[in-house]
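Working notes, beginning with the structure itself.
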Amino acid sequence: MLVELGHFALILGFVTAIVQMVVPMVGAQKGWRAWMAVAEPAATAQFLCTGFAFAALTVAFVTSDFSVALVVANSHSLKPMIYKISGVWGNHEGSLLLWLLILSGFGAAAAWFGGNLPERLRARVLSVQGAIGVAFFAFMLFTSNPFLRVEVPPFDGRDLNPLLQDPGLAFHPPFLYLGYVGLSMAFSFAVAALIEGRVDAAWARWVRPWTLAAWLFLTIGIALGSWWAYYELGWGGFWFWDPVENASFMPWLFAAALLHSAIVTEKREALKSWTVLLAIIAFSFSLLGTFIVRSGVLTSVHAFANDPERGVFILAILAVFTGGALTLYAARAHAMEAKGVFGLLSRESALVANNVLLAVAALVVFVGTVWPLVAEMAFGRVLSVGPPFFDAAFTPFFVALGVLLPFGTLFAWKRATGARVARQLWPAALLAASAALLGYALGSGRSALGPLGLALGAWVIGGALVDIWSRTGRGAPAARLKRLARVPRADWGRALAHGGLGVTIIGIAGLLAWEREDIRVAQIGDSWQIGRYEVTLDAVRETEGPNYLTTMADMTLRADGAEIATLHPEKRFYPVAGMPTTEAGIDGGLWRDLYVVIGEEQDGGGWAVRSHVKPMANWIWGGAILMALGGGLSLTDRRLRVAAGARRAAPSAVAAQ
């Protein structure tokens, strides 16, 4: 009965979304306040209906209700509880319901906390958000119903994909969807502003917190996915330029560009058209990611579905919303005249360059991702675009961005003095040079990548430190230290996020430049050297887990003759799903990871073993944590709260006549 109620709640949510899409928009056009007021209860009702449906599906998974087809396909009675719960969104239908829950949640949040928004703008924003909800409710109810029953319930289910039975993957999709769907709010604000014909500083201030929240969640989601791939897939990499990895990375880049562009619109009433366009493109690339994951047009280990019919539906949603928004953008272009005038050497110019670099980098990733599909459709050729292309094409733009970043934070608005900024940045330059020399000494001339990467990362970190120090004004160092506590949290958040990017750059450079690898067939009792570490294969044994069989190795690590760790890499097999997985053994540390993987038993005896020394691997995810913390700290600044800008005096607006 609960399952049927969940299905009914989805239908009711669909109807509510239609009301939310139509009534407030008409009310805003006609000036009917009662109609505009429908938006807020409709958004709340849509969220409650979707929440009830999601709760009903969760109960079905937790109680192993094998009368539900989705539970049969993605669960098993012996599965640990955390994976029964994560199994709710570890599939196409359930993940789409999670998407809808988050989408309706953002709409409800805008209704609850957007009381200071202008009445018409709030009604239009919620109406556009309702329209997105209508599209995805229709997609779910007509093609991807999660509440379908089976005629004869089986005794047990077919289990969740073993690759998804991992804590990292349990939390990865919710954070990623919070980022994807969070960008829908920026999109709704952009379309509402275009309909209204007004884009001004207050509008940019309202958009910023939503964009910042989406960027923050995307950062966490991408980092969790990268960390999972590192320790779960057994190949030891943190990024493979997989199509689904790229699908989340492109919106992250555009969201970062939108965030910086909105700052210029808020502070200087410039880059209005650029900001609106980025809001449209960022969400469009979120929809594109949904298409890639669910259509089956591109192969990926992360893909949820392989159904071209569903892909066509998503493609239609992408075409309608992106095409409609861009058409409206073209029609309203005259209403977005920029007011601010700025010089070539200014913070505005630096932010423009920042946005161009981020956007071009995202487009490079896009071209590399879809080119195999284009080549096959247009030329009948099967191509593979891998890491060599992305590394060569993407890296120069990101290096240029890193070099520019410290300058941009210190340049004054409107017109800056280059000599003054250069004097401020000499400590950062000194730190970068020292890091380069240290990297060269550690690498013994093996690779230029390590020293250059360390220098770039240190330059970005040094720039962030100089930026926050510059906010304390002038005077004695002791007095300036006291004033640090009074620096706004948004400034601290920016410095922390930029510093986190520098930490991640250092981690990537160190890992790629100085990693050591050993691949061999080892007998029980064999020892071998990798760098300064000695690895010994002590034993290999067969054992069982809750819902899997495992071949587990016992491997001892020594450094300079002293034992430092015992690792237990595994080769698991899940009988119900009929799939193997690899569990790496990792001895983690601040400066390096020791990473070992046990492979198959060889015909001539012994076991395939891979051993790695991965310098500074944890700096990659440590930097991501710092970036997310910086975003969260900025969100706590009163000036960035939702609709904070509405308290300002009536803004000067550029309205369409």
Pair Ala392, Ala37: separation of 7 Å Cα→Cβ label points (nm): 6.5
To make sure I understand, if each residue's beta carbon is the centre and we count other beta carbons within 10 Å, what order do Glu563, Glu269, Glu542 fall in, fewest to most? Glu542, Glu563, Glu269
Spin-label point model (7 Å from Cα, Cβ direction): what's the Arg558 to Leu326 distance in nm? 6.4
Taking 0.36 nm per residue of separation and subtracting the Cα-Cα distance, what length does fully extending Thr417 through Asn116 add? 104.5 nm
Under the Karplus relation with 6.51, -1.76 and 1.60 and θ = phi - 60°, whole-Hz ³J(HN,Hα) for region 357-363, x at Gly and Pro, equal 5, 5, 5, 5, 4, 5, 5
Can you give the FRET efficiency for Trp591 and Phe155, using 1/(1 + (r/R0)^6), R0 = 35 Å, r = Cβ-Cβ distance, to the nearest 0.05? 0.10
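Return a whole-number percent for the relative contact order of the chain, with Cα pairs under 8 Å and 6 or more residues apart as the contact set.
Rounded, it is 13 percent for the chain.
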Figure the gain on full extension for Ala138 and Val312 (residue separation times 0.36 nm, minus the Cα-Cα span) and round it to one decimal in nm. 61.3 nm
Ignoring trypsin sites (Lys or Arg not before Pro) buried by more than 13 other Cβ within 10 Å or outside DSSP loops, the longest site-free run in the chain is 1-338
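Quickly estimate the mean residue ellipticity at 222 nm for the chain, helices only: each DSSP H run with n ≥ 4 gives -39500 (n - 2.57), and the total goes over all residues, rounded to 500.
Value at 222 nm, helices only: -21500 deg cm²/dmol.
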For region 516-617, calculate the relative contact order in percent as a whole number, restricting contacts to Cα pairs under 8 Å that are 6 or more residues apart. 25
Show the residues, 5+ positions off or on another chain, whose built amide H is closer than 5 Å to the amide H of Asp593. Lys614, Met616, Ala617
If R0 = 60 Å, then Glu4 and Arg541, at their Cβ-Cβ distance, give a FRET efficiency to the nearest 0.05 of 0.80
At 7 Å along the Cα-to-beta-carbon direction for both Val62 and Val26, put a label point, then send me their distance in nm to one decimal. 4.1
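Only the coordinates and a few stated rules stand behind these numbers; no lab work does. All values derive from a computational prediction rather than experimental measurement. Note that each Cβ is placed from the backbone with ideal geometry, even for glycine, and that neighbours are counted across all protein chains shown.
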